[in-house]
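First comes the structure, then the notes that go with it.
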Amino acid sequence: MRIVDIKTAVIAGNFDWILVRVETDEGLSGLGEAYWGTGVVELIDAAKRLIVGENPFDVSKLLFKMQRGLSGAGAQAGATVTAISGIEIALWDLVARALNTPLSTLFGGRFRSQIRVYADLHAGEEPTPESWARRAKQAVEQGFTAIKFDLDAPNPYTRDISDDADPRRSWYEPYNRTVGSAERRYLQQVVAAVRETIGPDIMLALDCHWKYAVPDVIQLAHALEPYDPLWLEDPIPPDNVDALVTVARSTRIPICTGENHYRLQGFRELIERQACSIVAPDIPKMGGLLEARTVAAWADLYGMLVAPHNVCSPIGTVAAAHLCAAISNFLVLEFHALDVPWWDEIVLERPVIRNGFITLSDAPGHGLTLNEEVARAHAKPGTTFFGEPV
Ligand SMILES: [Mg+2]
């Protein structure tokens, strides 16, 4: 079997969902997905010349060829790694389909077939504790047992001091990474309201999107500890592992990070320095299934859990879920499209998520079939849909 072509389709979801199809001379194809980003489709095209004509079963060799052949384009991190990730997932799907086995089998088989996903809820409709609590309640009523909110969402204290007619009201300035007393009190009230509404057992993760200064986020973490968060995500800018170690040692809330890191070497220092308790590799961004498998094994040596970041369509999400099935230290997988009602209409096997879980089937590959009609209807104008202009 030989690879004859690689084609892409860009679906205009809440992000650009970049679907990647690897086609062979035997008519069999694999379907993957790459994380969104400028230049990713072009880089996938650029990778084509490196692996067309090759045997798709030699995945590791093909990864080596793409990483080396695109090294000048930046194959250590960034869009090049993301492009390779999308191709890698399509290759594994192809191999699994050729072997008539689920994707999870290729990564060691399953610890579980029910993959817990968490609903990323961002914030309430209004910046009030009541509104955040309502949003949490809706998700729990839909069956989710794990949810996440963004602590850095707009709040009554987010004001640029230079825009404020009365600068005495601007307790919180967005550029100096501080959390003033008023904002901390507000966030504490919001998280308290959510916890009270969902009860003690629902997992509640909190994301900071790299926003805060070290002392400020430590104080914030202490204020939030009584509400038993599942994790505090990306508390400070991602540039300094020492600073993250300081935060991690200063709170009993587990620290989660990793969605901006690429390949094994990108996670090495975080893991070896134990700068977090939970790693969040974005599989279709950071290098693909095999790379994430290696990160998970490395993290396990340090007693860390894995909670993959994910903003994909069902294709990338379910491919990630197969890896989540195959690693012992899996915690929970992100679902970022609660507000996209047609999210799983682009595949035939629906619903993809039921009661907050993805139940993996024994169908070959990731087990999903693209509903081409629906997918094409949502294709991004100006792109190509597997070779045909949209
Ligand atoms: Mg995040």
Check your understanding: What's the angle, to the nearest 10 degrees (0 to 90), between helix 79-98's Cα axis and the longest principal axis of the chain?
Key -> 50 degrees
Revision key, fill the gap. Expressed per residue, the solvent accessible area of region 1-82 in Å² (1.4 Å probe) is about 42 Å²
Exercise for review: Would you mind counting up the charge near Ala79? Only other residues with Cβ under 14 Å from its Cβ, with Lys and Arg at +1 and Asp and Glu at -1.
Suggested key: -2
Check your understanding: Where q = 0.08, 0.09 Å⁻¹, what log10 of I(q)/I(0) comes from the Debye formula for the chain, counting one point per Cα?
Key -> -0.42, -0.53
Check your understanding: Under 19 Å from the 7 Å Cα→Cβ point of Gln76, by amide nitrogen: which residues of region 38-65?
Key -> 64-65
Check your understanding: What does the accessible area per residue of region 106-359 come to in Å², with a 1.4 Å probe and no ligands, DNA or RNA counted?
Key -> 40 Å²
Point to revise | Local electrostatic count, Arg177, Cβ distance below 10 Å [Lys/Arg +1, Asp/Glu -1] | key: -1
**Study point:** Cβ crowding within 10 Å averaged over residues, with 204-214, 379-389 ranked highest first
**Key:** 204-214, 379-389
Review point. By average Cβ neighbour count within 10 Å, what is the ranking of 241-252, 116-127 from highest down?
Key: 116-127, 241-252
Exercise for review: Note the angle between two axes, namely the Cα long axis of helix 214-224 and the longest principal axis of the Cα atoms of the chain, as a number of degrees from 0 to 90, rounded to the nearest 10.
Suggested key: 80 degrees
Review point. Magnitude of the Cβ-charge dipole of the chain, K/R +1 and D/E -1, about the Cα centre, nearest 20 debye?
Key: 720 debye
Exercise for review: Residues in region 11-44, backbone N under 17 Å from the label point at Glu372 (7 Å along the Cα-to-beta-carbon vector): list them, ranges by number please.
Suggested key: 11, 19-32
Revision key, fill the gap. Nearest 10, in degrees from 0 to 90: the angle of helix 181-198 to the longest Cα principal axis of the chain is 60 degrees
Check your understanding: If you take the beta carbon distance between Lys61 and Leu301 as r and set R0 to 25 Å, what does 1/(1 + (r/R0)^6) give as a FRET efficiency, to the nearest 0.05?
Key -> 0.40
Review point. Where the centre of each part is set by its Cα atoms, how far does region 291-326 sit from region 327-363, in angstrom?
Key: 14 Å
Revision key, fill the gap. per DSSP, antiparallel bridges as share of beta bridges in region 106-359, % nearest 5, sits at 15 percent
Exercise for review: Find out how many positive minus negative residues lie around Ile358, taking Lys and Arg as positive, Asp and Glu as negative, among other residues whose Cβ is under 12 Å from that of Ile358.
Suggested key: +1
Check your understanding: What number, rounded to the nearest 500 deg cm²/dmol, is the helix-based mean residue ellipticity at 222 nm of the chain, given -39500 (n - 2.57) per DSSP H run of at least four residues and division by all its residues?
Key -> -11500 deg cm²/dmol
Check your understanding: Roughly speaking, to the nearest percent, how much of the chain's 1.4 Å accessible area is carbon and sulfur?
Key -> 49 percent
Check your understanding: Does region 1-146 come out rounded, prolate or oblate, given a ≥ b ≥ c as the square roots of the eigenvalues of its C-alpha gyration tensor, rounded meaning a/c under 1.5 and, failing that, prolate meaning a/b above b/c?
Key -> prolate
Study note, to complete from the structure: Cα-Cα longer than 30 Å, checked against Lys148/Lys380; Lys48/Lys211; Lys48/Lys148; Lys7/Lys65; Lys285/Lys380, kept in input order, equals Lys48/Lys211; Lys48/Lys148
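The values are calculated or read from the model by the stated rules, or taken from the named source; none is laboratory data. The shown structure was predicted, so the numbers you read here are calculated from the model rather than taken from an experiment. Because the Cβ atoms are built from the backbone with ideal geometry, glycine has one as well, and the counts that use them run over all protein chains shown. Accessible surface is based on the protein model in full, side chains and every heavy atom, while ligands, DNA and RNA are left aside. Shrake-Rupley method; radii C 1.70, N 1.55, O 1.52, S 1.80 Å.
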